[in-house]
Amino acid sequence: MIEAIVLDWAGTTVDYGSRAPIIAFKNAFAHFGIQLSENTIRQDVGLDKMTHVRKMLQESAISENWETSHPDIPLAQAADKVYAQFQIEIGKVLGETAKLKSGMTELIHFANTHHIQLATTTGYTQAMLDQILPLAADQGYEPRYNITSEQTQKVGRPQPDMLQLAMKKMNITDPSHVIKVGDTINDVLEGRNAGTISVGVVEGGNLIGLSQAAFESLEIQDRDRYQIKAAAILKEAGADEIINNIADLIPLIESINDRQHEMPILLTPGPLTTSKTVKETMLLDHGTWDDDYKELTQWVRRELVTIGNATEANYTAVLMQGSGSFGVEATLGTAIPKQNATLLIAANGAYGERMIEIAEYLDIPHVSLEIPEDQPVSLETVEETLSAHPEISHFAVVHCETTTGILNPIEKLIPAMNERGIVTIVDAMSSFGGIPIDLERLHVDYLVTSSNKCVQGVPGFSVVLAKKATLEQTKGNARSLSLDLYAQYKTFEDHDGKWRFTSPTHVVYAFAQALRELVVEGGVSARTHRYSTNEALLREGMHDLGFEMVINSEVQSPIITSFKYPTDDFDFHAFYEYLKDRGFIIYPGKVSKCDSFRIGNIGEVSPNDISRLLGLIKNYTTDILKMTV
Ligand SMILES: *Cc1c(COP(=O)(O)O)cnc(C)c1O
């Protein structure tokens with residue numbers, strides 16, 4: 001999905017033929033009595049202008065010429081002089097410099113209507129750019145970010161720094177979602193070095209170098225000759241695609257998006273959309289006895305403790321084969337002693353109910369505190385239940401109840417239980433990695449999550465983060481051999497990361513990659529920020545389209561959002577199929593008291609994806625449902 005286009009200025013978007021800097025250079029040197037050919041100037045176009053002047057002055061013919069005609073000005077100072085004159089000269093041709101090339105208006109319109117951000121990088125200085133920007137704005141061209149090498153410690157093209165800074169400002173992490181467009185070899189290299197899709201523009205570019213009038217007066221075969229040559233040079237430099245007119249970017253972007261759409265985006269509570277690099281790790285096979293694999297397992301376990309803001313002295317991570325529920329069942333089945341223990345389960349949704357079901361299956365003495373699905377679990381109700389049941393020794397609650405997307409206040413609940421000496425179990429399946437959780441500060445005893453939720457791995461195992469001192473006391477508690485959390489822990493500890501029974505090797509490799517990508521994204525807080533941005537965009541966009549949320553926005557998590565059916569006869573299946581055909585998988589509702597559906601905000605999903613989804617839903621509601629808002 002293309003999220004941004006980063007454009008060059010002269011020859012690409014403005015200044016047909018990139019004439020202005022050439023004329024200015026020519027006049028600047030002529031001011032000092034040196035006549036330059038256009039070819040000499042054009043060789044290094046695209047560099048920042050000072051570097052370009054220096055480079056030209058290094059050419060022996062030019063430097064000798066300078067030394068004979070200006071014996072009083074040492075060559076070392078010549079660059080400053082010529083550069084100062086260049087700035088004066090470019091000022092004189094500013095009108096030409098800033099004139100938009102044909103096709104730009106169409107491209108700007110397309111970008112605006114498709115939520116594609118526009119930014120620029122340039123060899124111009126900030127001072128020059130400041131003169132051009134208002135002239136471009138008058139013609140409707142206002143790129144959001146404009147980067148010069150002054151903003152990157154003077155590191156200009158062909159280095160990727162300016163382009164990377166533009167991406168950073170636009171909050172884009174995946175360079176394959178960015179197109180860099182330019183008309184020179186240095187532009188192409190800049191795009192390649194940053195890992196973006198690098199596109200070369202031929203028409204009106206520097207490699208042809210003619211004014212529009214001069215070019216159009218050529219015979220058609222001569223025009224072709226110029227264009228073929230320019231295209232070949234850009235291709236040779238490594239351009240991924242060559243376009244003639246800048247507006248040819250529009251079909252190119254549509255076809256890139258179509259290609260990328262073959263992979264559907266899952267807006268679900270997990271399994272969710274993972275990155276390509278996470279998926280790619282699974283192309284190799286691995287042995288479970290292998291030392292590298294055991295080390296990787298240990299690294300994953302340590303990293304998980306770190307993500308939980310806990311120390312290895314006090315906490316450990318136990319990985320358990322199977323889906324998330326296997327982890328919950330292993331924890332409940334191992335944490336609660338067979339005698340003299342009672343579990344309180346607070347349930348305000350399907351996952352809380354599932355814990356009650358597990359307790360019933362395993363014959364664990366328990367008290368169920370059932371709360372309406374649209375209400376959070378409050379400390380007051382829990383305390384009331386505790387007063388009525390002094391025998392309660394363990395407490396289990398879901399953090400983000402994925403049924404609705406409601407967030408339960410574990411920051412209040414867990415420390416209060418800990419103070420009473422009650423052992424706590426948090427099902428943070430759908431929130432861990434996506435919302436910061438401070439295990440150590442809250443004194444959580446057990447937290448359960450899985451490989452296929454907010455860490456953004458693929459399904460295959462669950463994770464139990466446990467307070468070591470608590471887990472150490474659970475030997476012999478387990479009601480199941482495979483789901484014995486204590487035995488699983490001991491095997492990891494006593495055998496340097498060896499799994500008990502066959503482990504999901506591919507999934508572990510994918511998960512390790514996902515953990516690395518979580519760090520690259522900026523950690524849990526950066527991820528929370530992205531998810532929250534997705535959630536806010538979705539909530540507001542759906543509101544504008546006339547959809548009502550199931551729960552109050554104050555208790556809404558950034559993870560997943562439930563919406564009521566807009567009409568009594570709403571056909572969810574038809575809606576689902578419509579979105580699926582267009583690359584989005586959403587989720588049916590799970591709330592019992594009203595008809596609803598859910599849209600997830602988690603996974604490798606950007607605000608841009610949410611905007612596209614909203615565009616589709618808008619089309620669906622206006623064209624198909626004929627809803628008026
Ligand atoms: C996903 C999820 C689970 C686990 O479900 P599985 O289908 O077993 O992976 C448990 N609790 C919550 C809150 C969840 O979101």
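Every number in this text was worked out from the coordinates using simple rules, so none of it is lab data. This is a predicted model, so every value here is computed, not measured. Cβ: placed from backbone, ideal geometry, glycine included. Neighbour counts: every protein chain shown.
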message: I need the P(r) histogram for segment 19-96: all alpha carbon pairs, bin width 10 Å from 0 out to the longest distance, whole percents.
response: 19, 60, 20, 2
message: Could you order the peptides 127-138, 459-470 from most to least packed, using the average number of other C-beta atoms within 10 Å per residue?
response: 459-470, 127-138
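Where does each of 578, 83, 124 land when they are ranked from fewest to most other beta-carbon atoms within 10 angstrom? If you can, show how the numbers build up before the last one.
Values: 578 16, 83 19, 124 24.
Final ranking by Cβ density, sparse to dense: 578, 83, 124.
Of 168/564; 180/276; 99/180; 475/498; 279/564, which sit over 31 Å apart, Cα to Cα?
Listed pairs above 31 Å: 168/564; 279/564.
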Spacing of the two label points (7 Å from each Cα toward its C-beta) at residue 380 and residue 361, in nm: 3.6
Positive dipole terminus of the chain, leading residue within 378, 510, 323 (C-beta point charges): 510
task: Treat each spin label as a single point 7 Å out from the Cα along the C-beta direction, and report the residue 92 to residue 35 distance in nm.
output: 1.7
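So what's the convex hull volume per residue for the Cα atoms of the chain, in Å³?
Details: hull volume 119.9 nm³, N = 629.
For the chain, the hull spanned by Cα atoms encloses 191 Å³ per residue.
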message: What whole-number distance in Å separates the alpha-carbon centres of segment 586-629 and segment 202-270?
response: 35
- prompt: If you place +1 on the Cβ of every Lys and Arg and -1 on the Cβ of every Asp and Glu, how big does the dipole about the Cα centre of the chain come out, in debye to the nearest 20?
  reply: 640
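Indicate the gyration tensor shape class of segment 412-530 (rounded, prolate or oblate), computed on the Cα atoms with a ≥ b ≥ c the square roots of the eigenvalues: a/c under 1.5 is rounded; otherwise a/b larger than b/c is prolate and the rest oblate. Could the numbers behind the result be given before it?
Values: a/c = 2.21, a/b = 1.08, b/c = 2.04.
Oblate, because a/c is 1.5 or more while a/b does not exceed b/c.
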- request: Return the sequence-ordered ³J(HN,Hα) values of segment 375-386 in whole Hz as given by the Karplus equation 6.51 cos²θ - 1.76 cosθ + 1.60 applied to θ = phi - 60°, using x for Gly and Pro.
  value: 10, x, 6, 9, 4, 4, 5, 5, 5, 4, 5, 4
field: Under the Karplus curve 6.51 cos²θ - 1.76 cosθ + 1.60, θ = phi - 60°, whole-Hz ³J(HN,Hα) for segment 283-292, x wherever Gly or Pro sits
entry: 7, 10, 9, 9, x, 7, 8, 5, 4, 4
- prompt: Among 188-199, 533-544, 57-68, how do they line up from the highest to the lowest mean number of other beta-carbon atoms within 10 Å?
  reply: 188-199, 533-544, 57-68
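Taking 0.36 nm per intervening residue step and subtracting the Cα-Cα distance, what contour gain separates residue 43 from residue 285 on full extension?
Numbers: separation 242, 0.36 × 242 = 87.12 nm, distance 4.97 nm.
Extra length available between residue 43 and residue 285 comes to 82.1 nm.
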message: Let me make sure I get this right: for segment 108-166, a, b and c are the square roots of the gyration tensor eigenvalues over alpha carbons, sorted descending. Under 1.5 in a/c it's rounded, otherwise prolate if a/b > b/c, else oblate. Which is it?
response: oblate
query: When the Cα centres of segment 34-88 and segment 465-483 are compared, how far apart do they sit, in Å?
result: 76
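Restricting to Cα pairs below 8 Å that are 6+ residues apart, what does the relative contact order work out to for segment 19-96? Please round to a whole percent.
Details: 59 pairs, mean separation 35.0, N = 78.
In percent, rounded to a whole number, it is 45.
Quick check on the exposure proxy: order 86, 432, 326 from fewest to most C-beta atoms within 10 angstrom.
Details: 86 24, 432 27, 326 19.
Exposure proxy ranking, most exposed first: 326, 86, 432.
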DSSP-assigned coil residues among trypsin sites (Lys or Arg not before Pro) in segment 549-629, each with at most 13 further Cβ atoms within 10 Å: 593, 626
- request: Measure nothing but the geometry: give the 0 to 90° angle between the long axis through the Cα atoms of 49-58 and the longest principal axis through the Cα atoms of the chain, rounded to 10°.
  value: 50
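Calculated FRET efficiency, residue 616 and residue 61, Cβ-Cβ r, R0 56 Å, to nearest 0.05?
Details: r = 61 Å, r/R0 = 1.09.
It comes to 0.40.
Could you work out the percent of alpha carbon pairs in segment 81-140 separated by over 20 Å, rounded to a whole number? Could the numbers behind the result be given before it?
Working: 615 of 1770 pairs.
Value for segment 81-140: 35 percent of Cα pairs lie more than 20 Å apart.
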- request: Express as a percent, rounded to the nearest 5, the fraction of DSSP beta bridges in the chain (both residues included) that run antiparallel.
  value: 40
- prompt: How much net charge surrounds residue 478 when only other residues with a Cβ under 11 Å from its Cβ are counted (Lys, Arg +1; Asp, Glu -1)?
  reply: +1
message: What whole-number distance in Å separates the alpha-carbon centres of segment 519-533 and segment 423-450?
response: 17
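Please compute the net charge surrounding residue 574, taking Lys and Arg as +1 and Asp and Glu as -1 over other residues with Cβ under 12 Å from its Cβ.
Every neighbour counted, the sum reads -3.
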statement: Per its Cα gyration tensor (rounded if a/c is under 1.5, else prolate when a/b beats b/c, else oblate), segment 226-286 is best filed as oblate
message: What does the net charge come to around residue 559 if you take all other residues with beta carbon closer than 9 Å to its beta carbon, with K and R at +1 and D and E at -1?
response: 0
